[in-house]
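Colleague: Before anything else, here's the structure in question.
The values are calculated or read from the model by the stated rules, or taken from the named source; none is laboratory data. Since this is a predicted model, take the numbers as computed values, not measurements. Cβ sites come from the backbone with ideal geometry, for glycine too, and all protein chains shown count toward neighbours.
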Amino acid sequence: MVEREFLLLVRTEARNGLSHLSAARSKDGETGWRIDAEPTFLPSPTSHPEEQWGVEDPRLTRLEDQKRWAVAYTAYSQVGPLVSLALTEDFKDFERLGPVLPPENKDAALFPVRFKGRYGMIHRPVPKCEDAGAHMWISFSPDLKHWGDHQLLIPARHGGWWDANKIGIGPPPIETPDGWLILYHGVRRTVSGAIYRLGVALLDLEDPTRVLRRSDQWIFGPETGYERTGDVDDVVFSCGWIAKDDILRIYYGGADTQVALATVGLKDLLDYVKQCPDGTATG
């Protein structure tokens, strides 16, 4: 019997400034973390020039039809960040699918199921016109390589909202009886810099292009010292979570410097998001 354990694929920045991914494992998800002695997933600029300036922000999704894990990650090319995908069975050997969406695009996460035979992915393109804002989009693919049917999913709000102008998905969506639960970050610009906080939304189970609910308030923000001061101040940024025994463990980056853990009752969070405003309201 294979012993089950928690695995995080974390971004690690080398001293040359370029990032790679390292696997960290724990029996209980909280203590005794064992980090691979060598980088788990290094940039491969010779065969994949889009990774020339590093790889970062992985989101892991189990695809049962593939019997593998999919890694949606940001490849940093000379012309900007873009979305790439890789597949793995053991987090030792990876099959790179290469870039699937052109720059500038990041914050991509796959759904764990198909919709009418197609894979679904949420991502965040950035238009050249800064005034247009950066919003969450959804796209579909028959084979993980060719993506289309691009649709605006959740727009960033305007004005003084906590999630105005720039938002992006956090971990991959979680399937619940009430819908697809998603955690996303919003960026508030202030005279002292940006503040990254987290909110939630709920998507329809059968049609994930339908936003049922969306929090109009942030639910988690930088408060502690390790969240407020670091390489990038005032940031909480999550790429991974897991539900176990009705407890949702949220793994997140604090101030772009370290990895931290927060927990919340899954039922409590669902009860909250179901009371949030209609998801079609943009503010």
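Colleague: Answer with yes or no whether residue 123 is within 19 Å of residue 238 (Cα to Cα), assigned by TED's automatic domain parsing to the domain that holds residue 96 and either assigned to a loop (DSSP other than H, G, I, E, B) or not aromatic (Phe, Trp, Tyr) (or both).
Modeller: Numbers: within 19 Å of residue 238 (Cα to Cα): yes; assigned by TED's automatic domain parsing to the domain that holds residue 96: yes; either assigned to a loop (DSSP other than H, G, I, E, B) or not aromatic (Phe, Trp, Tyr) (or both): yes.
When the stated conditions are applied, residue 123 passes them.
Colleague: Report whether or not residue 170 is in contact with a Cys (Cβ under 8 Å, 6 or more places away or on another chain) and in contact (Cβ under 8 Å) with a residue 60 or more places away in the chain.
Modeller: Values: in contact with a Cys (Cβ under 8 Å, 6 or more places away or on another chain): yes; in contact (Cβ under 8 Å) with a residue 60 or more places away in the chain: yes.
Taking the combined requirement at face value, the residue satisfies it.
Results for (1) in contact (Cβ under 8 Å) with a residue 60 or more places away in the chain; (2) buried (at least 16 other Cβ atoms within 10 Å of the Cβ), shown as yes or no for each residue.
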| site | (1), (2) |
| --- | --- |
| 56 | no, yes |
| 59 | yes, yes |
| 63 | no, yes |
| 69 | no, yes |
| 86 | no, yes |
| 95 | no, no |
| 120 | yes, yes |
| 126 | no, yes |
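To keep it simple, each residue is scored yes or no on (1) outside the structural domain of residue 189 (by TED's automatic domain parsing); (2) polar (S, T, N, Q); (3) more than 17 Å from the chain's Cα centre (by Cα).
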site: 220; (1), (2), (3): no, no, no
site: 233; (1), (2), (3): no, no, yes
site: 255; (1), (2), (3): no, no, no
site: 258; (1), (2), (3): no, yes, no
site: 269; (1), (2), (3): no, no, yes
site: 278; (1), (2), (3): no, no, yes
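Colleague: Additional query: From the list 74, 61, 40, which one is touching a Lys or Arg at 6+ places or on another chain (Cβ under 6 Å) and at pLDDT 95 or above?
Modeller: Checking each option against the conditions leaves just 74.
Colleague: Looking at the stretch 135-154 only, could you name the residues that are at negative phi and either at pLDDT below 95 or surrounded by fewer than 17 Cβ atoms within 10 Å (Cβ to Cβ) (or both)?
Modeller: Narrowing the stretch 135-154 to residues at negative phi: 135-143, 145-148, 150-154.
Answer for the stretch 135-154, where residues must be at negative phi and either at pLDDT below 95 or surrounded by fewer than 17 Cβ atoms within 10 Å (Cβ to Cβ) (or both): 142, 143, 145, 146, 148, 150, 151, 152.
Colleague: Checking the conditions here, which among 232, 259 is of a type in the set (A, V, I, L, M), within 25 Å of residue 12 (Cβ to Cβ), without any contact (Cβ under 8 Å) to a residue 60 or more places away in the chain and out of contact with any His (no Cβ under 8 Å at 6 or more places or on another chain)? Step through it out loud before you land on a result.
Modeller: Values: 259 fails: without any contact (Cβ under 8 Å) to a residue 60 or more places away in the chain.
232 is the lone residue from the list that is of a type in the set (A, V, I, L, M), within 25 Å of residue 12 (Cβ to Cβ), without any contact (Cβ under 8 Å) to a residue 60 or more places away in the chain and out of contact with any His (no Cβ under 8 Å at 6 or more places or on another chain).
Colleague: A further question on this structure: Say whether the condition of being more than 27 Å from residue 115 (Cβ to Cβ) and outside any strand (DSSP E or B) is met by at least one residue in the stretch 185-201.
Modeller: Scanning the stretch 185-201, I find at least one residue that is more than 27 Å from residue 115 (Cβ to Cβ) and outside any strand (DSSP E or B), so the answer is yes.
Colleague: Only strands (runs of 3 or more DSSP E) wholly contained in the stretch 17-112 count here; list those with 1 or more residues that are touching a Pro at 6+ places or on another chain (Cβ under 7 Å) and over 29 Å from residue 149 (Cβ atoms).
Modeller: By residue number, 19-26.
Colleague: Does residue 249 count as at pLDDT 95 or above, among the basic types (Lys, Arg) and not assigned by TED's automatic domain parsing to the domain that holds residue 150?
Modeller: In short, yes.
Colleague: Which condition number in (1) in the same structural domain as residue 146 (by TED's automatic domain parsing); (2) over 21 Å from residue 251 (Cβ atoms) is the one that residue 69 fails?
Modeller: Unmet for residue 69, out of (1) in the same structural domain as residue 146 (by TED's automatic domain parsing); (2) over 21 Å from residue 251 (Cβ atoms): (2).
Colleague: Scanning the stretch 186-232 for residues that are of a type in the set (Ser, Thr, Tyr) and buried (at least 21 other Cβ atoms within 10 Å of the Cβ), which turns out nearest to residue 150 (Cα to Cα)?
Modeller: 215
Colleague: Within the stretch 248-268, can you find the residues that are closer than 15 Å to residue 183 by Cα and β-branched (Val, Ile, Thr)?
Modeller: Once the filter is applied, which keeps residues that are closer than 15 Å to residue 183 by Cα and β-branched (Val, Ile, Thr), the stretch 248-268 yields 250, 263, 264.
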